[in-house]
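Comments concern the structure below.
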Amino acid sequence: MLSRYILLILSLFVYIACHKEMHKPKPESPQQIDEAMVEAPQDAFLLGIDNFTQNYTHLVQGKRVGLLTNPTGVNRDMQSTSDILFKHPAVNLVAFYGPEHGIRGSAYPGDEVSDMIDSKTGLPMYSLYGADTHRKSTPEMLENVDIIIIDLQDIGLRAYTFIYTMADVMKSAQEFDKKIIVLDRPNPIGGIYVEGNIIEKGFFSGIGRYPIPYIHGMTIAELAKLFNEEFGIACDLEVVPMRSWYRSMYWDETNLSWVPTSQHLPHWETILYLGATGPFGELHTLLPGVGYTSPFEIVGAPWIDGELFAEKLNSLNLPGVHFRPLHFKPYYSYYAGQMCQGVQLHIRKMRKFKAYLTGLHIMQTHIELFPDQDLFAKSDRVDSFNKAVGTDKIMHMLKNKVAVTEIENSWQNELNEFLTIRSIYLLY
């Protein structure tokens, strides 16, 4: 009889255990598992500015500090880095420095930004960007600082001026014996995705100063280390890393709010579209949506048959993207007020989308369908395009109707060499 009771009790324990396991909540799909893994460390996530205020203020103890920043310089609670450092008892903030668009982010792309006094703090604000050029830090700008902290949100594309303003400040710091501290921030399109050709000699400019690919897959602090060591800047550089950022993360997986880095990048996803349509926007023939409601998501011109364009592009089965025909009338920029046709890009699978190659396919398809409309007709704009893509070979190959796969193969050896160098400077 006793053994029967023991068996009944054991059976009851087994039933309870199995019942709990059967009814334990489980993710319904691998995607939910991935999301749960990304969600797990979010409470511990720290931007460079958060990590600095918690663990690194000893670096500036007793020093005079300058800050290179703009509206993107915020902590994870959306508090301005400029306010945080100005009020911090361990930081003696004495000057501000601003990149393109200005410290307040209000200047239009390429516009001159003047030096001024900040009305909120009374500190001098020095502009490091002039009309279509970078401004070198002068001795007067740096004479009252010992350390320059940099907190800027980069976008992960080579043709963006913030990283070259950073490099200019690093050069000045080396020249005038100042220390640089870079507060790291996420690459919005992750730290894995790398695409495009390396800039050739003769095509360096303010939107491509160093031989890196169009989509580089690095954070701004990693780039600072790369620039400093590989390209001979050799300043006294310290980086403050993020905590719990992973290379696979896109911006939406960080739980951070997006602060527009410029007027035509209202959303972080816009960066992927910019990677496709931004380069040929330099030609001022195909309009990449700037001047309409969806900058860089739209491609069009007055002569295009949108239905035909969309049909041909969709037939290519490019990864992660669908092309929808549309009519639109730009409010400003070239073709302002003119009825245009074209396509809207709809990115359906971000991690499969190849932005740079998609842009080349769009150009090649236009050349095939509308041969009477020369993309390179405006000779004064061709130089800008070549600087944006870092070579004139792409233009010549497109004109000669070389397949995009062959164009891509032409840069693979140099890209592989870059990836080897890049691996030395990755922090995460």
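The values are calculated or read from the model by the stated rules, or taken from the named source; none is laboratory data. Predicted model, so just to flag it, every value in this text is computed and none were measured. Here Cβ is always computed from backbone atoms with ideal geometry, including for glycine, and neighbour counts include all displayed protein chains.
Identify, please: which residue in region 243-252 is within 15 Å of the chain's Cα centre (by Cα) and in contact (Cβ under 8 Å) with a residue 40 or more places away in the chain and is, among those, farthest from Leu426 (Cα to Cα)?
Filtering region 243-252 down to residues within 15 Å of the chain's Cα centre (by Cα) leaves 247-252.
With the extra rule that they be in contact (Cβ under 8 Å) with a residue 40 or more places away in the chain, the set shrinks to 247-251.
Working: Arg247: 10, Ser248: 13, Met249: 15, Tyr250: 17, Trp251: 18 Å.
Among them, the one singled out is Trp251.
Residue count for region 134-166 under the criterion of being crowded, with 20+ Cβ neighbours inside 10 Å and either under 27 Å from His88 (Cα atoms) or touching a helix residue (DSSP H, G or I) at 6+ places or on another chain (Cβ under 7 Å) (or both): the result is 20. The condition (being surrounded by 20 or more Cβ atoms within 10 Å (Cβ to Cβ), in a helix (DSSP H, G or I) and among the polar types (S, T, N, Q)) is satisfied by just one residue among Thr277, Thr261, Thr285: Thr277.
It is to be established whether one or more residues within region 310-322 are in a helix (DSSP H, G or I), touching a residue at least 24 places away in the same chain (Cβ under 8 Å) and of a type in the set (Gly, Ala, Ser). First the steps, then the outcome.
At the first step, the residues of region 310-322 found to be in a helix (DSSP H, G or I) are 310-315.
Filter again for touching a residue at least 24 places away in the same chain (Cβ under 8 Å), leaving 310, 312-313.
Subset that is of a type in the set (Gly, Ala, Ser): 310.
Yes, the conditions are met somewhere in region 310-322.
Can you name the residue in region 167-176 that is touching a residue at least 40 places away in the same chain (Cβ under 8 Å) and among the charged types (D, E, K, R) and is also surrounded by the fewest Cβ atoms within 10 Å (Cβ to Cβ) among such residues?
Step one: list which residues in region 167-176 are touching a residue at least 40 places away in the same chain (Cβ under 8 Å), which gives 167-171, 173-174.
Imposing the further condition that a residue be among the charged types (D, E, K, R) reduces the set to 168, 171.
Working: Asp168: 21, Lys171: 19.
That would be Lys171.
From the list Phe323, Phe385, Phe418, the one residue that fits, being in contact with a strand residue (DSSP E or B) (Cβ under 9 Å, 6 or more places away or on another chain) and farther than 30 Å from Val240 by Cα, is Phe323.
Okay, residues lined up against (1) without any contact (Cβ under 8 Å) to a residue 24 or more places away in the chain; (2) assigned to a strand (DSSP E or B); (3) outside the structural domain of Gly48 (by TED's automatic domain parsing); (4) out of contact with any Ser or Thr (no Cβ under 8 Å at 6 or more places or on another chain):
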| site | (1), (2), (3), (4) |
| --- | --- |
| Ile192 | no, no, no, no |
| Glu200 | no, no, no, no |
| Phe203 | no, no, no, no |
| Tyr210 | no, no, no, yes |
| Tyr214 | no, yes, no, yes |
| Gly217 | no, no, no, yes |
| Glu222 | no, no, no, yes |
| Leu226 | no, no, no, yes |
| Gly232 | yes, no, no, yes |
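Taking region 191-200 only, how many residues are surrounded by fewer than 20 Cβ atoms within 10 Å (Cβ to Cβ) and either within 15 Å of Glu222 (Cα to Cα) or modelled with pLDDT under 95 (or both)? Total meeting the criteria: 2.
Note on region 38-145: enclosed helices (runs of 4 or more DSSP H) holding 1 or more residues that are at pLDDT 95 or above and among the β-branched types (Val, Ile, Thr) are 48-51, 81-87. The combined condition, being surrounded by fewer than 15 Cβ atoms within 10 Å (Cβ to Cβ) and in a helix (DSSP H, G or I), is not fulfilled by Thr365. Tallying residues that are part of a loop (DSSP other than H, G, I, E, B), touching a residue at least 24 places away in the same chain (Cβ under 8 Å) and farther than 16 Å from Leu316 by Cβ within region 392-408 yields 1. Would a scan of region 236-253 turn up a residue that is in a loop (DSSP other than H, G, I, E, B) and of a type in the set (D, E, K, R)? Yes, that holds for at least one residue. Criterion applied to Leu369, Leu357, Leu318 was being farther than 30 Å from Tyr250 by Cα and not assigned by TED's automatic domain parsing to the domain that holds His216, and the one residue passing it is Leu369.
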